[in-house]
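The values are calculated or read from the model by the stated rules, or taken from the named source; none is laboratory data. These figures come from a predicted structure and were not determined experimentally. Virtual Cβ from ideal backbone geometry, glycine too; neighbours counted across all protein chains shown.
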Amino acid sequence: MFSPFEWMVAMRYLRARRQEGFISVIAWFSLLGIALGVATLIIVMSVMNGFRQELLSRILGVNGHLSVYGVERSLANYDRLSGQVAAVEGVVKVTPMIEGQVMASANGQATGALVRGLKPADLRARTILAENIQFGDLENFVGLDSVLIGTRLARKLSLRVGDKLTLISPNGNITAFGTVPRLRSYKIAALFKVGMHEYDSSFIFMPLAAAQKYFKLPRAVNYLDVVIAEPHEARATMREVWRAVGAQGRIYDWQESNSSFFNAIQVERNVMFLILTLIIVVAAFNIISSLIMLVKDKGRDIAILRTMGATRGMIMRVFFLSGASVGIFGTFAGLILGLAFAENIETIRHWIQTLTETELFAAEIYFLSQLPAEVDSGEVVTVVIMGLMLSFLATLYPSWRAARLDPVEALRYE
C-alpha cells in the first residue's frame with residue numbers, strides 16, 4: 001500500500017532539521033499528549049472496574065443476593081419458610097438472620113453499630129468472613145455472650161480479643177419508670193477485616209440464639225438471607241422465590257438494595273470516559289496543526305517532488321504516514337504505560353503516600369482499604385482503536401492540502 005519511497009520521505013520529515021525544530025517539538029508534544037490520554041483512560045477505566053468489582057464482591061460476600069422479610073416485624077415460622085425458599089431452583093443457601101441497630105460502648109467511648117445474628121455454622125460458611133479473621137478464633141463464636149467485630153471498630157473502641165463490649169439497644173425494657181435502654185456485655189471472640197470500611201468499622205456478628213435473646217425475638221428472626229447461583233440473574237430468581245413465599249413475606253434483591261452505589265459508579269465511569277477522551281482529541285488537533293505547518297514549510301519540496309513525477313496520491317500518503325506515525329507511536333506508548341501503571345497501582349499509591357506523607361485513598365471516603373484495578377481487555381482495545389482512529393482522522397485534511405498544492409505556485413513564491 002505504501003512504497004519504500006513514501007516511507008523514507010515521511011520518516012525524513014519527522015526528523016526535522018534545526019530550522020524546522022519548532023514543528024518537531026509540536027509533533028513530540030502531540031505524541032506525548034496521545035500517550036498520556038490513552039494511558040489515563042486505561043488507568044481510570046481499570047480503577048473504576050476494580051472499584052466496582054471489589055465493592056460488589058465484598059457486598060455480596062457479607063450480604064446475600066436476596067432478602068426475604070416478613071409481613072410483620074419478624075418471621076416466626078422461619079424454618080419452614082427457609083425450606084420453601086431453599087427448594088427453589090437456583091437458590092444455593094438460605095440463612096435465617098436477625099439485624100438491629102445498637103450503640104457499642106467500651107473504654108469510655110461509644111459508636112453506632114449494626115448487629116447481625118446468625119448461626120455459627122452459617123458464619124463459617126461465609127468465606128469472606130471466615131477467611132479474613134485477623135485475631136482470635138471462630139471456635140469461640142458460640143454461646144450467648146460472644147461477638148465478632150471488625151478491626152476498625154476494635155481500634156476505634158480500643159478493644160482486643162477477650163475484652164468486653166457493651167451493647168445498648170434503643171428498644172429497651174419497659175419499667176414502671178418508663179423505657180430503660182437494654183444493656184448487655186459480650187466477650188469479643190475474634191476480629192475480622194474484609195477490606196471494606198463500612199463493614200470493618202460498624203458490623204457486629206453474634207450467634208443467632210444470643211441475638212434472639214437480646215432483641216427479644218424468641219424462636220423468630222428478622223429476615224432470610226438468600227444466596228443464589230447467578231447473582232446477575234437475581235430478578236428472575238426473585239420471581240420464583242416470590243411464588244414460593246407468597247403472601248408470607250416481602251423480597252428485595254441486591255441490585256435494589258445497593259442501587260445507589262452502583263448507579264453512582266456507572267455514571268462517574270461514563271463521565272470520566274468522556275472527559276478523558278478530550279485529552280486524545282486535543283492531542284489530535286496538535287497533530288493537525290503540526291502537519292499544516294509542516295506542509296507549509298515543505299511547499300518547495302512538494303513542488304519539486306511533483307515535477308519529478310510524484311502523484312498527488314503519493315504526496316498525500318507521505319504526509320498521512322508522518323501524522324499517523326505520531327498517533328501510532330503515541331497510542332502504543334500510552335497502552336504500555338497505562339497497563340504497567342494499572343498493574344502496579346497499589347505499589348505506586350504507597351510510594352506516593354510515603355513521598356508526600358499524605359493519604360491518597362482514605363478508606364472512610366472510598367469504602368475500600370486499598371486501591372483496586374481490573375483491566376478489561378475489551379475496554380483497552382476500544383481505547384486503542386479510538387486513539388488510532390482520531391490520529392488517522394487528524395492527518396486527512398493536512399495530507400489532502402499537501403496533495404492539492406500547485407507546484408507552479410509553490411515554486412513561484414520561493
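What the table below lists for this structure:
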{"read-out": "Members of segment 322-351 found to be loosely packed, with under 15 Cβ neighbours inside 10 Å and of a type in the set (S, T, N, Q), listed by number", "value": "Asn344, Thr347"}
{"read-out": "Subset tally (residues that are over 27 Å from the mean Cα position of the chain (by Cα) and assigned to a strand (DSSP E or B)) for segment 121-140", "value": "2"}
{"read-out": "Residue tally, condition modelled with pLDDT of 80 or more and part of a strand (DSSP E or B), over segment 200-255", "value": "16"}
{"read-out": "Pair list, Cβ under 9 Å, 6 or more apart: segment 304-333 residue within 21 Å of Ile287 (Cβ to Cβ), other residue of a type in the set (Lys, Arg) and buried (at least 22 other Cβ atoms within 10 Å of the Cβ)", "value": "Phe319/Lys298"}
{"read-out": "Residue match in segment 96-119 (condition: buried (at least 21 other Cβ atoms within 10 Å of the Cβ), of a type in the set (Val, Ile, Thr), in contact with a helix residue (DSSP H, G or I) (Cβ under 6 Å, 6 or more places away or on another chain) and within 29 Å of Ile251 (Cα to Cα))", "value": "yes"}
{"read-out": "Complete set of residues in segment 293-324 that are in a helix (DSSP H, G or I), charged (D, E, K, R) and over 43 Å from the mean Cα position of the chain (by Cα)", "value": "Lys296, Asp297, Arg300, Asp301, Arg306, Arg312"}
{"read-out": "Test result for Ser289, hydroxyl-bearing (Ser, Thr, Tyr), without any contact (Cβ under 8 Å) to a residue 24 or more places away in the chain and either touching a Phe, Trp or Tyr at 6+ places or on another chain (Cβ under 8 Å) or in a helix (DSSP H, G or I) (or both)", "value": "no"}
{"read-out": "Residue within segment 14-29 that is polar (S, T, N, Q), modelled with pLDDT under 85, in a helix (DSSP H, G or I) and within 30 Å of Ala333 (Cα to Cα) present", "value": "yes"}
{"read-out": "Number of the condition not met by Gly83 [criteria: (1) assigned to a helix (DSSP H, G or I); (2) modelled with pLDDT under 85; (3) surrounded by fewer than 19 Cβ atoms within 10 Å (Cβ to Cβ)]", "value": "(2)"}
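Condition check ((1) surrounded by 15 or more Cβ atoms within 10 Å (Cβ to Cβ); (2) of a type in the set (S, T, N, Q); (3) at positive phi; (4) at pLDDT 80 or above) across all residues:
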{"residue": "Leu274", "(1), (2), (3), (4)": "no, no, no, yes"}
{"residue": "Leu278", "(1), (2), (3), (4)": "no, no, no, yes"}
{"residue": "Lys298", "(1), (2), (3), (4)": "yes, no, no, no"}
{"residue": "Leu305", "(1), (2), (3), (4)": "yes, no, no, no"}
{"residue": "Met308", "(1), (2), (3), (4)": "no, no, no, no"}
{"residue": "Thr311", "(1), (2), (3), (4)": "no, yes, no, no"}
{"residue": "Ile315", "(1), (2), (3), (4)": "yes, no, no, no"}
{"residue": "Phe319", "(1), (2), (3), (4)": "yes, no, no, no"}
